[in-house]
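What follows is a set of notes on a single structure, which appears directly below.
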Amino acid sequence: MCARRDHPTSPGNTLEIVRELPLDQVLLGDCVTLMRMLPPASVHCVFADPPYNLQLRGELRRPDDSLVDGVEEEWDRFNDFPAYDAFTRDWLAECRRLLRKDGTLWVIGAYHNIFRIGSILQDLDFWILNDVVWRKANPMPNFRGRRFTNAHETLIWAARQRDSRHRFNYQAMKALNDDIQMRSDWFLPLCTGAERLRNRHGLKLHPTQKPEALLHRVLLSSTAPGDIVLDPFLGTGTTGVVAKRLHRHFIGIERHPAYAEAAIGRIRRTEPVAAEGVLTAPSKREAPRVPFGSLVEQGLLPAGTKLHDRQRRVTAVVAADGTVLAAGVRGSIHKVGAAVTNAPSCNGWTFWHFERGGKLVPLDVLRVRTEP
């Protein structure tokens, strides 16, 4: 990740450290140590599935007193809450350093750790956008019958800072959900069948391998083709697999050699979808910024055209200079819309309508028509 080169313009021909991103690679080692070797503001998105900080051994035993697969390796890594909190603060601080100004972070956890993580996120000045509940279609039962079956995990989606202009592919999520606005509760099955990696004894290779459907939704909602996604706890490589399939770059970090080896093989076997398959519906933020006056100039809305609100309660007249006049107020479509509704602001593109074929059509449709 680092290279040294002579700097010919520096006094004494000093050496300069050049840090390059290890794109589409799996790095073996401690996540904090390796993240510190990466340059700041270099990734668009982070997906993190950190250790769960399991606390109650008795609740993780079956009635025959056998252990649930894989949980024993996490015990003793963190002796208490302060040790876990210190580790969490370290890796989250590095994630924030590596995120671009408008980047976002996803972190998933259960009741053991997600509340502590959320508090530390806010302490580090991340700006929480959503908490998403992943409701499992086929949860593991509560073996001892002393608690409710734990049938969900929580994802926190956060922007790097409060004023980040984060990416959210709203239209793509709506299309994915049968053209209904996507909600923050996701009903998806656990990773099962052929997708679940197993060792030579037929046991689960990784106890908390995440389903590809979950990562598909995460990356499709908050990244674009060509973006760089960092996963500091790669496990068996689900993030890398979905990123490669959707034409995103990834950087994966994993401390367990067997998991890293499995992730590398799994990612190598993954084929990207056809280029046209990664295109998503554009968001409103990505719509072209067409001045209203250009519609008047092009004759799409000539001077004298009457505009109305959706209920035809208010009428405005278009002027030759691109302003509109309504109720004695002249100005932009936004200013006049705000004035006639007595509101602090107004999106004139969606508020004002013009008549076409006897029906009212929002101005917004004309912006699409004027795209190159």
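Values as computed for the structure displayed
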read-out	value
Flag for residue 250 being modelled with pLDDT of 95 or more, touching a strand residue (DSSP E or B) at 6+ places or on another chain (Cβ under 9 Å) and of a type in the set (Phe, Trp, Tyr)	yes
Search result, residues across the stretch 166-187 that are of a type in the set (Ser, Thr, Tyr) and in a loop (DSSP other than H, G, I, E, B)	184
Options 173, 140, 182: the member that is in the same structural domain as residue 51 (by TED's automatic domain parsing) and within 25 Å of residue 99 (Cα to Cα)	173
Selected residue [modelled with pLDDT of 95 or more, not in a helix (DSSP H, G or I) and not aromatic (Phe, Trp, Tyr)] from 92, 129, 190, 121	129
Positions within the stretch 223-243 being within 18 Å of residue 256 (Cβ to Cβ) and in a helix (DSSP H, G or I), in sequence order	238, 239, 240, 241
Qualifying residues in the stretch 309-331 (those that are in contact with a Phe, Trp or Tyr (Cβ under 7 Å, 6 or more places away or on another chain) and not acidic (Asp, Glu)) - the one surrounded by the most Cβ atoms within 10 Å (Cβ to Cβ)	316
Residues of the stretch 202-222 classified as free of Cβ contacts under 8 Å to residues at least 60 places away in the same chain and in a helix (DSSP H, G or I), total	5
Residue count for the stretch 130-156, restricted to those that are more than 21 Å from residue 191 (Cβ to Cβ) and either crowded, with 18+ Cβ neighbours inside 10 Å or free of Cβ contacts under 8 Å to residues at least 24 places away in the same chain (or both)	2
Sole residue being modelled with pLDDT under 90 and either closer than 28 Å to residue 177 by Cβ or not in a loop (DSSP other than H, G, I, E, B) (or both), chosen from 296, 290	296
1 or more residues touching a Pro at 6+ places or on another chain (Cβ under 8 Å), among the hydroxyl-bearing types (Ser, Thr, Tyr) and farther than 18 Å from residue 290 by Cβ: qualifying helices (runs of 4 or more DSSP H) within the stretch 317-372	none
Hey, residue 199 exposed (fewer than 12 other Cβ atoms within 10 Å of the Cβ) and either in contact with a helix residue (DSSP H, G or I) (Cβ under 9 Å, 6 or more places away or on another chain) or touching a residue at least 60 places away in the same chain (Cβ under 8 Å) (or both) or not	yes
Number of positions in the stretch 103-129 that are loosely packed, with under 15 Cβ neighbours inside 10 Å and not aliphatic (A, V, I, L, M)	6
Among the residues listed as 262, 243, the single one being crowded, with 21+ Cβ neighbours inside 10 Å and more than 22 Å from residue 52 (Cα to Cα)	243
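The values are calculated or read from the model by the stated rules, or taken from the named source; none is laboratory data. Source: prediction; values computed, not measured. Glycine also receives a Cβ, built like all others from the backbone with ideal geometry; neighbour counts cover every protein chain displayed.
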